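Asker: Following this message is one structure expressed as structure tokens.
No value in this document is a laboratory result; all are computed from the given coordinates. Fair warning: this is a prediction, and the values are worked out from it, not measured in the lab. Here the Cβ positions follow ideal geometry from the backbone for every residue, glycine too, while neighbour counts run over all protein chains shown.
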Amino acid sequence: MKNKTLHIQNLGQIKDAKLSFGDLTVLVGPQATGKSIAVQLLKLMVDGGQVQEEMGRYGLDWDGELPKFIDAYFGEGMQSVWKSGETHIRWDGKEVDLELLAKNRRKNKDENLFFIPAQRVLALRDGWPRPFTDYSPGDPFAVREFSEKLRVLVEKEFSGESLFPQPRRLKKEFREMLERDVFSEFSLKVDKFRSQKRLVLGSESGGNGLPYMVWSAGQREFVPLLLGCYWLMPPTKVSMRGKIEWVVIEELEMGLHPRAISVVLLMIFELLARGYRVVLSTHSSQILDAMWTLKHLRENKASPSVLLDVFDAPKTQGMLKLAETVLSKNQKVHYFDKKEGNTRDISDLDPFAEEAGASGWGGLSEFSARANEAVANAVANSNR
Amino acid sequence: MSFKKAVTETHLLENAFEKGLGALRPEDKPHIQTEDTRKLSGSVDIDKAYTAEEPNANRWDFAIGYRHSNRRTDFIYWVELHTASDSQVKVVIKKAQWLLNWFKGHGHRLAMFEREIVWVSSGSTHLTPSSSQKKQMAQTGLKQVGGTLNIKNNR
């Protein structure tokens, strides 16, 4: 797939960000460096007409004014990120006039990008997905839209069915790994409490299902992510949903044990193999370890089974094919530098790079590197 | 005591001291970059000096003395120039263990100096900072740098 580029100047914390998106792209950087703004802007670039359509459908009216549009889209108070005359955006080499986007409705209303936001835990209330209109008008569009998608998914595609394990959505291998590393002996199903439908975790040994409030933090984070993946893996012969080509997932690691993160990464590989272009933002060094592994296994023409070893995944025909496909994809890693307000392409993931942001993988391995250095010095100089 | 004096008073190193980076093989010298070559206190080829006495041991390569601007005494960089590959990690760890043992015996004079034990690895390495191999190296007192050891005046 041809790489797409997004160049952002003077938007919020971002002074100058040049992003190139491969088949799999990972964004790293400290808090409040503009990663979330960048991926929300990406959604706007890819799906401007669909965003306008959805916002209009749910009664949002920004009077054709950009500041109001920004508040409605990015969230209340965000209009200050836009600096008139200074903010410039180039999408795939072409200057984009956001004021024009706010003023005129676009004809193309197709949805090409599915966004799984960092605040996905908010998508469920008492164990049931919240509709778009359940949120405050000042809440970010990405959260409201994701929540609405889950509501439609659960109401229309899972009436009375078990959501996990779910043979029509996930490969058997994934189901077994999720049982092993996330759900234990629990299943996820629709239940009713005083006529109110809700998702509960049920145990094979019977008894009442566990309602949302007693789920672990990891399960609360994981269930919306799983449902988001279900949305992208329709139970039909068509491997992709509608016209969606892009998937953005913010901080997929939230609340998850490293073993569960490994399974989620394999599910990301499944999305890649289905043809989606995936963008992740993360604070997890494990995800960059995975990117670094992919890079070196690809460059050294390693066998797909080696990749499965890394993820402790079964070496079935299906999984080997998946690993082979993922190893053929291209990848990019960008670092958002807080001090400079810019981004750097650190796709080489070279631990020996001269520049600290590159060698420390955008700060994600800095602590380990410093810890190694401190221990090495202490051991080398003991008994002097 | 200076680096030179400590070398010349060490078993089997009596005649091994060389000025600057003189103890290193010509092909190894480009892997050591110093901010000021005049601050080099000398070098010694440990591996060569101990070949006859310990032919089968995992002997360490070199020691390089440097007088840092912010140090009163010589600082010693214990340098192993070794090809990088994951399978070589254990070999270099064994060499570092040999060195640490040697400090307790014949190398006790040189062990008095502040030091870094550095694996200058040529070729590509495949160890992340969070990997257990990196932790094993750190626990042995070993640091790994890629390609070149850069020695600055201040440390």
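Asker: Run the helix sum for chain B: -39,500 (n - 2.57) per DSSP H stretch of 4+ residues, divided by residue count, reported at 222 nm to the nearest 500 deg cm²/dmol. Each step should come with its number before you reach the end.
Answerer: Values: 4 runs with 35 residues, N = 155.
Rounded to the nearest 500, the figure is -6500 deg cm²/dmol.
Asker: Return the long-range amide H neighbours of residue A:333 (sequence gap of 5 or more, or a different chain), with a cut-off of under 5 Å between placed amide H atoms.
Answerer: A:26, A:346, A:347
Asker: Same structure, new question: Over region A:1-64, calculate the relative contact order: mean separation of alpha carbon pairs under 8 Å at least 6 apart, over the residue count, as a percent.
Answerer: 23 percent
Asker: Now for a different question. In debye, nearest 20, what is the charge dipole magnitude of region A:1-124 about its Cα centre with +1 on Lys and Arg Cβ and -1 on Asp and Glu Cβ, if you could check?
Answerer: 320 debye
Asker: Charges at C-beta only: +1 for Lys and Arg, -1 for Asp and Glu. How large is the resulting dipole of region B:1-113 about its Cα centre, in Debye rounded to 20?
Answerer: Using Cβ point charges on Lys, Arg, Asp and Glu, region B:1-113 gives about 400 debye.
Asker: Specify, per residue and in Å³, the volume enclosed by the convex hull of the alpha carbon atoms belonging to region B:61-155.
Answerer: Enclosed volume per residue, from the Cα hull, is 95 Å³.
Asker: Output needed: percent of Cα pairs per 5 Å distance bin for region A:3-50, bins running from 0 to the one holding the longest distance.
Answerer: Per 5 Å bin, starting at 0, the Cα pair percentages come out as 5, 19, 32, 27, 14, 3, 0.
Asker: OK, next. Residue by residue through A:362-372, how many Cβ atoms from other chains fall within 10 Å of the Cβ on average? Write down the numbers at each step before the final one.
Answerer: Values: counts 0, 0, 2, 5, 1, 2, 7, 5, 1, 5, 12.
The per-residue average across the peptide is 4.
Asker: Taking a quarter of the surface of the Cα convex hull of region A:4-159, what do you get in nm²?
Answerer: 9.9 nm²
Asker: As an exercise, identify the trypsin sites (Lys or Arg not before Pro) in region A:195-240 lying in DSSP coil whose Cβ has no more than 13 other Cβ atoms within 10 Å.
Answerer: Answer in residue order: A:237.
Asker: Also, quick follow-up: For region A:296-349, what is the convex hull volume of its Cα atoms per residue in Å³?
Answerer: About 92 Å³ per residue, rounded to a whole number.
Asker: Taking only DSSP H segments of four or more residues, each worth -39500 (n - 2.57), what value at 222 nm results for chain A once the sum is divided by all its residues, to the nearest 500 deg cm²/dmol?
Answerer: Dividing the helical sum by the residues of chain A leaves -12000 deg cm²/dmol.
Asker: Would you please give the residues with an amide H less than 5 Å from that of residue B:41, counting only those at least 5 places away or on a separate chain, with H modeled from the backbone geometry?
Answerer: B:65, B:66, B:67
Asker: Now a separate question. What ³J(HN,Hα) values, in whole Hz, does the Karplus curve 6.51 cos²θ - 1.76 cosθ + 1.60 give for region A:227-236 when θ = phi - 60°, with x put for Gly and Pro?
Answerer: 5, x, 5, 4, 4, 7, 10, x, x, 10
Asker: Another one. Counting only other chains, and only Cβ atoms inside 10 Å, what mean value do you get across the residues of B:143-150?
Answerer: Numbers: counts 6, 4, 1, 5, 1, 1, 0, 1.
Per-residue shielding by partner chains comes out at 2.
Asker: Follow-up question, since we're still on this one. Per-residue HN-Hα couplings for region A:243-251, Karplus 6.51 cos²θ - 1.76 cosθ + 1.60 at θ = phi - 60°, whole Hz, x for Gly and Pro?
Answerer: 9, 5, 10, 10, 10, 10, 10, 8, 6
Asker: Okay, moving on. Anything over 24 Å Cα to Cα? Flag those among A:156/A:329; A:35/B:152; A:149/A:321; A:68/A:109; A:18/A:339, in the order listed.
Answerer: Where the Cα-Cα span goes over 24 Å, the pairs concerned are A:156/A:329; A:35/B:152; A:149/A:321.
Asker: Let me ask something additional. Give the dimensionless ratio obtained when the Cα radius of gyration of the protein assembly as shown is divided by 2.2 N^0.38 Å.
Answerer: 1.19
Asker: Continuing with the same structure: Enumerate by residue number the GluC sites (Glu not before Pro) in region A:82-130 meeting two conditions: DSSP loop (anything except H, G, I, E, B), and at most 15 other Cβ atoms within 10 Å of the site's Cβ.
Answerer: Answer by residue number: A:86.
Asker: I want to check a number: in region B:1-51, how many lysine pairs have alpha carbons closer than 18 Å, given a sequence separation of 8 or more or different chains?
Answerer: Eligible lysine pairs with Cα atoms under 18 Å apart amount to 10.
Asker: Can you work out the base-10 log of I(q)/I(0) for region A:72-199 at q = 0.11, 0.21 1/Å, using the Debye formula on its C-alpha atoms alone?
Answerer: The Cα Debye sum returns log10 ratios of -0.59, -1.35.
Asker: To continue, here is another question. Compute the Rg/Rh shape ratio of region A:194-300: radius of gyration over Kirkwood radius, all on alpha-carbon atoms.
Answerer: Here Rg/Rh amounts to 1.04.
Asker: Percent of Cα-Cα pairs per 5 Å bin, from 0 to the last occupied bin, for region A:135-280, please list those.
Answerer: So the P(r) values, bin by bin, are 2, 8, 18, 22, 23, 16, 8, 3, 0.
Asker: Which trypsin sites (Lys or Arg not before Pro) does region A:67-140 hold that lie in a coil by DSSP with at most 11 other beta carbons within 10 Å?
Answerer: Those satisfying the criteria are A:107.
Asker: Is the C-alpha gyration tensor of region A:228-384 telling us rounded, prolate or oblate? Criteria: a/c under 1.5 is rounded; beyond that, a/b larger than b/c is prolate, otherwise oblate.
Answerer: Working: a/c = 2.23, a/b = 1.70, b/c = 1.31.
The shape class here is prolate.
Asker: Can you list the HN-Hα couplings for region B:142-155, worked out from phi with the Karplus curve (6.51, -1.76, 1.60; θ = phi - 60°), rounded to whole Hz and with x for Gly and Pro?
Answerer: 9, 10, 10, 10, x, x, 9, 9, 9, 9, 8, 5, 9, 9
Asker: Grab the alpha carbons of region A:315-384, take their convex hull, and tell me the volume per residue in Å³.
Answerer: Details: hull volume 10.1 nm³, N = 70.
Once divided by residue count, the hull of region A:315-384 is 144 Å³.
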